[in-house]
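Down below is the structure, laid out as structure tokens.
Every number in this text was worked out from the coordinates using simple rules, so none of it is lab data. Bear in mind that the values here come from a model prediction, so they are computed numbers and not experimental data. Here Cβ is always computed from backbone atoms with ideal geometry, including for glycine, and neighbour counts include all displayed protein chains.
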């Protein structure tokens, strides 16, 4: 079986564009290799094709057959790396908190150790005048399954 660490090393040695970075490598038992890239300014399809060609040039199908997919992370893929959080500062997110509740918030700031968010306060909570500050600093361990909320609202208003 092809080792995940080998594919990771092949990809990382090849990524010369400082805007692109490796998010995840998956290798199934039948040598289905899936490589997920992200970029500070998005990921052009040409970059995925280039990485795919590089991986193929480093592996020998005569020794061990494989299936290969190289793609950018999808819009529904949770954020997992500090760099992905930094890239999405200013956007609306939904995350699961330590109590297992889904929370909507705006990502205000991100760094190596955590994020600053501004929680969305519901109308019911506004009426009760809860004392909780909507702006909070959280470590990455305090937020799970963080996803960017895609909005189709026009910002022209």
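On the given criteria, is residue 32 surrounded by fewer than 14 Cβ atoms within 10 Å (Cβ to Cβ), under 30 Å from residue 115 (Cα atoms) and out of contact with any helix residue (DSSP H, G or I) (no Cβ under 7 Å at 6 or more places or on another chain)? Even if it seems obvious, please write down each step before you answer.
On the way: surrounded by fewer than 14 Cβ atoms within 10 Å (Cβ to Cβ): yes; under 30 Å from residue 115 (Cα atoms): no; out of contact with any helix residue (DSSP H, G or I) (no Cβ under 7 Å at 6 or more places or on another chain): yes.
So residue 32 fails the test.
In segment 33-86, of all residues being in a helix (DSSP H, G or I), under 20 Å from residue 9 (Cβ atoms) and in contact (Cβ under 8 Å) with a residue 40 or more places away in the chain, the one that is farthest from the chain's Cα centre (by Cα) corresponds to 58.
Inclusion of residue 19 among residues that are surrounded by fewer than 18 Cβ atoms within 10 Å (Cβ to Cβ), under 30 Å from residue 110 (Cβ atoms) and touching a strand residue (DSSP E or B) at 6+ places or on another chain (Cβ under 7 Å) is warranted.
Yes or no: residue 112 under 19 Å from residue 142 (Cβ atoms), loosely packed, with under 11 Cβ neighbours inside 10 Å and within 18 Å of the chain's Cα centre (by Cα)? It would help to see each step written out before you state the result.
Values: under 19 Å from residue 142 (Cβ atoms): yes; loosely packed, with under 11 Cβ neighbours inside 10 Å: yes; within 18 Å of the chain's Cα centre (by Cα): yes.
Yes; evaluated as a whole, the condition is true for this residue.
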